[in-house]
Structures are given as structure tokens and as C-alpha cells.
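Read the figures in this text as sums done on the coordinates, not as results from a lab. For clarity, every value in this text was computed on a predicted model and none was experimentally measured. Please note: Cβ atoms are built from the backbone with ideal geometry, for glycine as well, and neighbour counts cover all protein chains shown.
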């Protein structure tokens with residue numbers, strides 16, 4: 001092991017330790033965060049759309065919409081709901097929209113808790129690395 005002038009050993013970073021560091025970095029930062037970020041973004045956008053549908057409950061000829069996310073976490077797709085149109089041309093079903101809003105809020109809370117736990121893990125790793 002190389003010795004510095006002050007006789008303190010220097011840490012030599014080998015190729016394998018660099019590779020191990022890169023693997024750890026990918027596992028900690030790359031994998032979960034983009035998916036969780038997209039999930040939270042989707043839930044925020046869907047919440048806004050559902051709230052807009054509810055706000056337009058009594059607007060004549062208003063068509064309710066929803067955001068649909070496919071399994072591959074690509075860009076969400078805006079689609080009209082399949083609820084029946086009332087006599088005034090409005091397709092907002094308050095019970096259905098409130099149910100969707102509740103489900104969406106639960107999913108948002110779950111995703112933010114997952115993010116919080118992930119950050120706790122990172123804090124632990126950083127704190128342990130300092131010891």
C-alpha cells in the first residue's frame with residue numbers, strides 16, 4: 001500500500017472497487033427514483049383532472065375525462081370516461097369521481113411513503129459510510 005509523506009496509508013481505488021461503487025450507485029439512485037417520480041407526477045396530474053371533473057358537475061355538455069397510465073410507465077393518456085351522459089349533456093358521476101379521488105390520494109400517499117423510506121435508506125448508507 002502506498003505511503004504518504006505524513007506516513008498515513010493512502011486508499012488505493014482498484015478497478016473492482018470502482019465497479020462495485022458504480023453498481024451500488026445504480027442500485028441506490030437509478031432504479032427506484034425515476035419510477036417513483038413518474039408515479040407521483042401521474043397521481044398529481046390525475047388528482048387535478050378528477051378535481052376538475054367534480055368542479056364541472058353542473059356544467060352543461062361537460063365531458064368527464066381520466067388519465068390512464070399503461071404498465072410500461074410511459075406518458076399517461078387522457079381519455080373520456082365511459083359514464084352515461086345525463087339530459088344536460090354532462091357525463092360527470094359524482095360518486096365515481098369521489099371514489100377515483102380517494103383511490104388516487106391513497107396511491108399518492110403510498111408513493112410518497114416509499115420515497116421517504118428510500119431517502120431514509122440513503123441517509124443510513126451515508127451515515128454508515130462516514131464511520
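Say each of residue 123 and residue 95 gets a label point 7 Å from the Cα, pointing the same way as Cα to Cβ; how far apart are those two points in nm?
4.4
Give me the log10 of I(q) over I(0) for region 33-130 at q = 0.11, 0.12, 0.13, 0.25 Å⁻¹, as the Debye formula computes it from C-alpha points; what are the numbers?
Calculated log10 I(q)/I(0) at the listed q: -0.43, -0.49, -0.55, -1.24.
Quickly work out the residue 44-to-residue 74 label distance, labels modelled 7 Å from Cα along the C-beta direction, and quote it in nm with one decimal.
2.4
Measure off 7 Å from each Cα along the Cα-to-Cβ vector at residue 35 and residue 87, then give the distance between these two points in nanometres to one decimal.
5.0
At 0.36 nm per residue, and after removing the present C-alpha to C-alpha distance, how many nm does the segment from residue 110 to residue 51 gain when stretched out fully?
19.3 nm
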